[in-house]
Structures are given as C-alpha cells and as structure tokens.
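Below: the structure, in structure tokens.
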Protein chains: 2
Amino acid sequence: MRRKNNKGKLTISLSIPEKKIILGIDPGSLKTGYGLIESSGNRLRFLECGTIKTGGGPLPPRLQIIFKDIQQVVRHWSPDEMAIENVFLARNPDSALKLGQARGAAICAVMAENIPVSEYTANQVKQAIVGKGHAAKSQVQHMVKVLLNLNTTPQADAADALAIALCHANTRKTMLELKPSASSRYPAEVLGAIRGRRKKRFTL
Amino acid sequence: MRRKNNKGKLTISLSIPEKKIILGIDPGSLKTGYGLIESSGNRLRFLECGTIKTGGGPLPPRLQIIFKDIQQVVRHWSPDEMAIENVFLARNPDSALKLGQARGAAICAVMAENIPVSEYTANQVKQAIVGKGHAAKSQVQHMVKVLLNLNTTPQADAADALAIALCHANTRKTMLELKPSASSRYPAEVLGAIRGRRKKRFTL
C-alpha cells in the first residue's frame, strides 16, 4: 500500500505473512493423534503427523507417555500455536473421565512451553475442512489428503489432528482479515494468539 | 538381626526406615488440593498443604495453573511418591470431562519428574483414615488434624489431599511388612514404588 506519512514522505507498507507452525491434537486415552502444518498466507505445508499409542493398563503411565511424546514433538518443531478438539458431549462419565485425562496431558505438554491453545468443536472442524458440519470421517480424511497434497491418506487419528490444525489455520486467517470491530466478538486470548503477523516498512 | 555370614563373621543387619515425602492430590477443575507429609517408620509429619484455585473461564489456562503450581510444589519438596484419588463414578459426562482434565494435569506435573503415582478410591482413603468406608467428610478432616497433630483443621480440599497422602503412607507401610508371597497380589509398579527401604550392614 502506497501512502504519504506525516513528514510527506512516500512509504510502502508491505504485509509479509509470517510462517506459523500449527500443531493439531486429537487426544484419546488409547490413541492420541498429532499433526503439524506450516501456514504462510494462503499456503499450507504438511510437516509431520503421527499416532501415540499408550496400550492398556493403569492410566498414569499412559498419561506420562502422551505428555512426554507430545513434549518431544513440541520441542522438536517449536510450534507457534496449538489447536485441539473441544468435547461437549461425551458418551458416558467413564469414557469422559479417560478422555479428559488424555486431553489434560496433551494440553499441559503444550502449555508447559507457553504455546497458546485454541479449541474447536468437531462440527467447526468438519465445516472448515469439508464445508459441512456433519460430514463423514472418511470425507475429512480425503480432504486432509487433498488440502495438504499428500501421497497417502494418514491414519484416522493423525488425519483428525491434521484436520484440527487446518481448521485453526483457516480460522486464524479469516480472523486476521476481519475488521477489529468484527473480531472483538472473539475471546481476547484467541485473538492474541493468532495476531503475530509483522509489517515491514520501506521508505522511498 | 544377628546372624553369621558365609565367612563365619557375625553381622548385624539394621533395618533403618528411610524418610519418604509423600504428596497427596485431590484434583478438581476449580480447586485442586495438595498435601505433603513425611513418613518415617511409624512417624508421620506434616509438611505443607494448600489449595490451587483456578477461577472460571476457558479450561486450558486453568490446566496450566494446576500443572505449573503442582510442578513448583514438586520441585520445592522433591516428593518420593504421589497418591491421588481414583474416580470411578463421576456424576455426569460434563463434570467427568472437567475433572479428568484437572486430574491429567496434576498427574503429568508429577510424572514429568518421574515420581511414581498410586491411586486409591474414596472408600479406601476413608477406610484408612477413619476406619469406615462411608465416613463423613468432616470426620476425615478431623482425623487428618488429629493424625498430623495440627493446630487448625485444613481447608476441605487440602484436608482431602492430606488424607490421600496418609492413606498411601499407611498402605505402603502395611505392604512393606507383608511377606513377598502375599504382596505378589499387588501390581509390580505399586510395589516397585513403595520398596525403597535400604538396609545398612555393620560387620563386627
């Protein structure tokens, strides 16, 4: 954008989209999927995805596996932001308790490194990826493969994690393009987390 | 114990009970109680207790508070073992999910420092402290005050955490006194966690 500043000099303000690494997590007490993408303006790039399998037995050692594995991923890639599914309707108290603990372990592994966390409902993720809130799981997997230009379809949990990361990349892009007045509807911590685009100025 | 070794020398094997610091945690998404005691043979000593209040709002920052505060307590006291209540029957899926996440955060803060975790049901804790599985909360609070020789009754959540720590101290003492054949009924990780009593040998 060309405009004159206070001293009458012509300045060009270039908006250079910063590269942001986004970590998506789909937690579970048996299997926790994770996926990393790089978002830069309109470009999305696949980095890594995987599934952390905890096996059976008592829950504390399984939570330790989730925590340490996610911590390792976080320390390797240093993601800028993390996105996770927000569960509102659990099937029953027992599975909710197990899922909750796995979710707590994953969130703590990320927040221990002071990385901001955003939450999305399953419908928000599907809407962002497939354009339909009640899309089938296979459709989400297919779209993840297409959007990230992958050769093979990732495993279910890893694909879900990548879908959450893609949903966040899409949402943060939209929110950054919104006027400040419109974005004031969003919570401050979410806005704070996604506003990191620096502007470089060149004076002629 | 006096006995002759292979070379015919008289040896005295003294069993010196080691001091163990036990951390008890009563997790909750709004309030998480913690209590630390020192167990040495039959002696129990109060060290510290408190309540971590997380306030309202989105859960991830609250989990971060639980994780960081417990981590601070763990790094300050370096407890040898941790005990936590095992929840089997949650009221509803929503509260189970919240409780699960708080529990996951607390467990991860402890297991990140490689401290073994033991789990006890509410009935086991009450049985160990009051001698009755369905004792009232006030009875547990009173017995915690008596057993640890405290001047004032601790707050409800902190008292519950101390009760869990006392239950673990009691259980580990009993299990150490059991014959190996009898203790083989207990899981290996629990036995491994509680067997830390060193024997010092003096040769005459």
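Rule-based calculations on the coordinates, nothing more; no lab input. Keep in mind that this is a model prediction, so the values were computed, not measured. Cβ atoms come from the backbone with ideal geometry, glycine included; neighbour counts cover every protein chain shown.
For the residue pairs A:53/B:137; A:137/B:98; B:132/B:173; B:53/B:173; B:137/B:173, the C-alpha atoms sit more than 30 angstrom apart in A:53/B:137; B:53/B:173. Per-residue mean of foreign Cβ neighbours for B:57-63 is 6 (Cβ atoms of other chains, 10 Å radius). Seen from residue A:140, the other residues with C-beta closer than 13 Å to its C-beta sum to a net charge of 0, counting Lys and Arg as +1 and Asp and Glu as -1. On a per residue basis, the convex hull of the C-alpha atoms belonging to the range B:66-183 measures out at 136 Å³. From the mean inverse distance of alpha carbon pairs (Kirkwood) and the Cα radius of gyration, derive Rg over Rh for the range A:59-130. Dividing the radius of gyration by the Kirkwood radius yields 1.00.
Phi-derived couplings, Karplus 6.51 cos²θ - 1.76 cosθ + 1.60 at θ = phi - 60°, listed residue by residue for the range A:42-59: 8, 8, 10, 10, 6, 10, 6, 8, x, 10, 9, 9, 9, x, x, x, x, 6 Hz, with x used for Gly and Pro.
Dividing the mean sequence gap of close Cα pairs (under 8 Å, 6+ apart) by how many residues the range B:56-184 holds gives a relative contact order of 23 percent.
Listing B:62, B:91 from fewest to most neighbouring C-beta atoms within 10 Å gives B:91, B:62. Counting from the shortest, the label point at residue A:156, 7 Å from Cα toward Cβ, is 4.1 nm from the same position in each remaining copy.
Under 5 Å from the amide H of residue A:118 lie the amide H atoms of A:82, A:83, A:84, each residue being 5 or more positions distant or on a separate chain, with H modelled from the backbone and absent for Pro and chain starts.
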